[in-house]
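A.B. asks: Structure incoming, see below.
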Amino acid sequence: MTTGSADYRDSGLTFPDGFLFGSATASYQIEGAAAEDGRGPSIWDTFARTPGKVLNGDTGDVADDHYHRYEQDLDLIRDLGLDAYRFSIAWPRIQPTGSGAVNQAGLDFYRRLVDGMLERGITPIATLYHWDLPQPLEDAGGWPARDTADRFADYARIVGEALGDRIGTWTTLNEPWCSAFLGYGSGVHAPGRVSEIESLRAAHHLNLAHGQAITALRGVVAADAQYSVTLNFAVARPGGPGGKEAVRQIDAIANRVFTGPMLKGAYPEDLFADTAAITDWAFVEDGDLAAIAEPIDILGVNYYNTASVQLWDGVGEKRGDANHNLSAGTPYPGADRVEFLPLPGPKTAMGWNIAPDGFEELLLSLHRQFPGQALMITENGAAFDDVVAEDGRIHDVERTDFLRRHFAAAHRAIEQGVDLRGYQVWSLLDNYEWAYGYSKRFGIVRVDFDTLERTTKDSALWYSQLVKTHILPDAPAAG
Ligand code: IFM
């Protein structure tokens, strides 16, 4: 992989004043303290304990122990000079059974966390749902059940009432595609159900939950609060025969199934046609689309890689490549003929291709589709097999190079008119990478999972320099 800077067009690129540089995490991936202070079980507690679902049987019981070490972690963020911290709130800490009684200790934890940010001059960006659905709600039907959306709106109102005076940016959902299609389609994420129709019902109820939560928040949080949702967009490109049609199908079921109702007030007609053999979408009730289309201020964008697709000719085995969260099959209802083609390297430790040009392409495409819509990168980063050097440091040249190339791509998008407000690197800390357990390290800060000691990696020092100067620093040379 190229790591030097001589072949780059990006030396000295300057990011605008007010650009919000930060880093992101999620509750189940870092908090630990799974049974403390009244937290109820979530679907990930159950899934992680189900044999064979998570590598090495890893659970989030301890994770990074951030629940007890949050002051230290906030100090790290402050010392790096980051403007913002994107974190998520664990629903089962707030409502242990997902409905009814509120657990004051849970609210108190997040109040302490947010106050700790404000004291250190860090802007909080709160996500209400990063996949830890209270288990009792799953037992009652989970996201395929309409009631879950209503319960989510109740939960949003509770958090908004408690923390609305100190959190300025509210993100409803993180990556509802994963919740719907990995959770209920392919079953590689919690709760591990495998049903095409259930996954489509889940997608709709997640959309509904998003809109209803914003309505609930508007009633109780500060008048100038900003609302957002975070989507992980598929950037599919034609890779062979029928490629254009394959791209259309993936775009419908991965991207427009969310952006359609959220930003345009309607599901795409071609999505209905593609999925007609699975469902007539009768679960979309009168008034739902208006409820979902509640305006947002910022569209959160998570980007990791691209995909190359074509239509399968029906002969032999379908090919496949390990794409973002896709290694265990293709959970795309209605797009059964789409083949994901192997992609050339370089790749990250997840097996995902490194493609900053896809990042630029995505940002420009969103800008064209939704003119005037402000965007925020809510996740971008990379897992690599880090090595602790003899000097005790982590010279993670590949991660720095990855970040540098992606920041440069984001900058190119800004120069072409994209209203990009900030960039949250995934992730602040090495953490629990879902079905991969602790085997994949995305952090710019290393966590020793035995001692829980934190060590700032070279990529974090590089990022700190960018944040402090707003000028893209050269990447360190390899070796
Ligand atoms: O770790 C995840 C995160 O929880 C959601 N977005 C993708 C990351 C890397 O897989």
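The values are calculated or read from the model by the stated rules, or taken from the named source; none is laboratory data. All figures in this text were calculated on a predicted structure; none of them were measured in a lab. Don't worry about glycine lacking a Cβ; one is built from the backbone with ideal geometry, like all the others, and counts go over all protein chains shown. All accessible areas refer to the heavy atoms of the entire protein, side chains included, with ligands and DNA or RNA removed. Shrake-Rupley method; radii C 1.70, N 1.55, O 1.52, S 1.80 Å.
Let's see how each residue does on (1) within 16 Å of the ligand (Cβ to nearest atom); (2) more than 29 Å from K468 (Cα to Cα); (3) among the charged types (D, E, K, R):
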| position | (1), (2), (3) |
| --- | --- |
| A101 | no, yes, no |
| F109 | no, yes, no |
| I122 | no, no, no |
| Y129 | yes, yes, no |
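A.B. asks: On the basis of being away from the ligand (no atom under 14 Å from the Cβ), farther than 26 Å from F87 by Cβ and of a type outside the set (D, E), does Q369 make the cut?
C.D. replies: So Q369 passes the test.
A.B. asks: State yes or no: is G18 out of contact with any Pro (no Cβ under 7 Å at 6 or more places or on another chain), modelled with pLDDT of 95 or more and either within 14 Å of the ligand (Cβ to nearest atom) or open to solvent by less than 20 Å² (accessible area, probe 1.4 Å) (or both)?
C.D. replies: no
A.B. asks: Filter the stretch 178-208 down to residues that are among the hydrophobic types (A, V, I, L, M, F, W, C) and more than 15 Å from I292 (Cβ to Cβ), then give me how many there are.
C.D. replies: Here the count works out to 7.
A.B. asks: Would you mind finding the one in R237, R146 that is open to solvent by 10 Å² or more (accessible area, probe 1.4 Å), basic (K, R) and more than 24 Å from I43 (Cβ to Cβ)?
C.D. replies: R237
A.B. asks: Of all the residues that make up the stretch 70-84, how many are among the basic types (K, R) and crowded, with 19+ Cβ neighbours inside 10 Å?
C.D. replies: Of the residues in that region, 0 qualify.
A.B. asks: Given the structure, is L208 under 26 Å from I30 (Cα atoms) and either buried (at least 19 other Cβ atoms within 10 Å of the Cβ) or touching a residue at least 12 places away in the same chain (Cβ under 8 Å) (or both)?
C.D. replies: no
A.B. asks: Among residues belonging to the stretch 32-67 that are at positive phi and charged (D, E, K, R), point out the one that is surrounded by the fewest Cβ atoms within 10 Å (Cβ to Cβ).
C.D. replies: D37
A.B. asks: Go through (1) away from the ligand (no atom under 13 Å from the Cβ); (2) in contact with a Ser or Thr (Cβ under 9 Å, 6 or more places away or on another chain); (3) in contact (Cβ under 8 Å) with a residue 60 or more places away in the chain; (4) closer than 26 Å to L173 by Cα and name the single condition N431 misses.
C.D. replies: Only one criterion is unmet by N431, namely (1).
A.B. asks: OK, next. Counting just the residues of the stretch 302-321 that are more than 12 Å from the ligand (Cβ to nearest atom) and buried (at least 17 other Cβ atoms within 10 Å of the Cβ), which one comes out modelled with the lowest pLDDT?
C.D. replies: Top of the filtered list is D321.
A.B. asks: Checking the conditions here, which among V188, V194 is within 15 Å of the ligand (Cβ to nearest atom), open to solvent by 10 Å² or more (accessible area, probe 1.4 Å) and farther than 21 Å from S99 by Cβ?
C.D. replies: Only one candidate passes the filter, namely V188.
A.B. asks: Just one of (1) within 30 Å of V467 (Cβ to Cβ); (2) surrounded by fewer than 21 Cβ atoms within 10 Å (Cβ to Cβ) trips up I158, so point out which.
C.D. replies: (1)
A.B. asks: Pick out, from the stretch 98-207, the helices (runs of 4 or more DSSP H) lying fully within it that include 1 or more residues that are closer than 30 Å to L20 by Cα.
C.D. replies: In the stretch 98-207, 104-119, 147-163 are the helices (runs of 4 or more DSSP H) which contain 1 or more residues that are closer than 30 Å to L20 by Cα.
A.B. asks: Can you tell me which residues in the stretch 47-64 are part of a helix (DSSP H, G or I) and within 21 Å of the chain's Cα centre (by Cα)?
C.D. replies: Matches in the stretch 47-64: F47, A48, L55.
A.B. asks: Something else about it: Output the residues belonging to the stretch 211-226 that are open to solvent by 10 Å² or more (accessible area, probe 1.4 Å) and not small (G, A, S).
C.D. replies: Q212, T215, R218, V220, V221, D224, Q226 - these are the residues of the stretch 211-226 that are open to solvent by 10 Å² or more (accessible area, probe 1.4 Å) and not small (G, A, S).
A.B. asks: Do we find that G437 is over 22 Å from the mean Cα position of the chain (by Cα) and on the phi > 0 side of the Ramachandran plot in this structure?
C.D. replies: No; evaluated as a whole, the condition is false for this residue.
A.B. asks: Please state which one of A413, A409, A389, A382 is open to solvent by less than 20 Å² (accessible area, probe 1.4 Å), of a type outside the set (D, E, K, R) and not in a helix (DSSP H, G or I).
C.D. replies: A382
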